[in-house]
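Any read-out appearing in this document is the output of simple, stated calculations on the displayed coordinates, not a laboratory observation. Keep in mind it's a predicted model, so treat the numbers as computed, not measured.
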Amino acid sequence: MKKAIFLLFIIFIHSCQTNKNNSTSVLPYKAVHNYFVKNNCEIPDFVEKVITTKDEFNKFFDEAAFMGNSGNPTPIDFSKENVIVLLHPETDRAVEIIPIKLEKTQMGEVIYHYQMKTGEKRSFTVIPKLIIIVNKNIEKVTFKTE
């Protein structure tokens, strides 16, 4: 009887440790608004990228200010922040790129989960994008579509 209880205790401890190794923590991020993809920027394939400098960011994007309270572009401080960029090639379809979560595994890997929805054909083309701000220490990311 004591051996059976001891064995169950060992199995319980082992299962707790196994779950602990697979656990993740959700990392904070902030959506970026009021930027557009530059006209001279060619996007032949889907881009999943971490951008760490303002110069690199400016190769892809320009500010797009609008009137009103939320019309200013989201400020990005590249001394404290990096951005994660998802860019879809130019399309005449309605494409929505949706952030799901940004997580860090126990092994230290950062994973960005997102979803992409493709809708109806339109009479114009766009380059769909999603930009989020993350902590400066996030430089390597694995991307996963849901």
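Structure above, values below:
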read-out	value
Principal axes of the stretch 24-145: Cα extent on each, largest first, Å	47, 29, 27
Potential extension, PHE46-THR24 segment - 0.36 nm per residue separation minus Cα distance	5.2 nm
Extension reserve of the THR74-THR125 stretch, reckoned as 0.36 nm per residue once the Cα distance is removed	15.9 nm
Extended-chain gain in nm, criterion 0.36 nm per residue less alpha-carbon gap, ASN58 and ALA94	10.5 nm
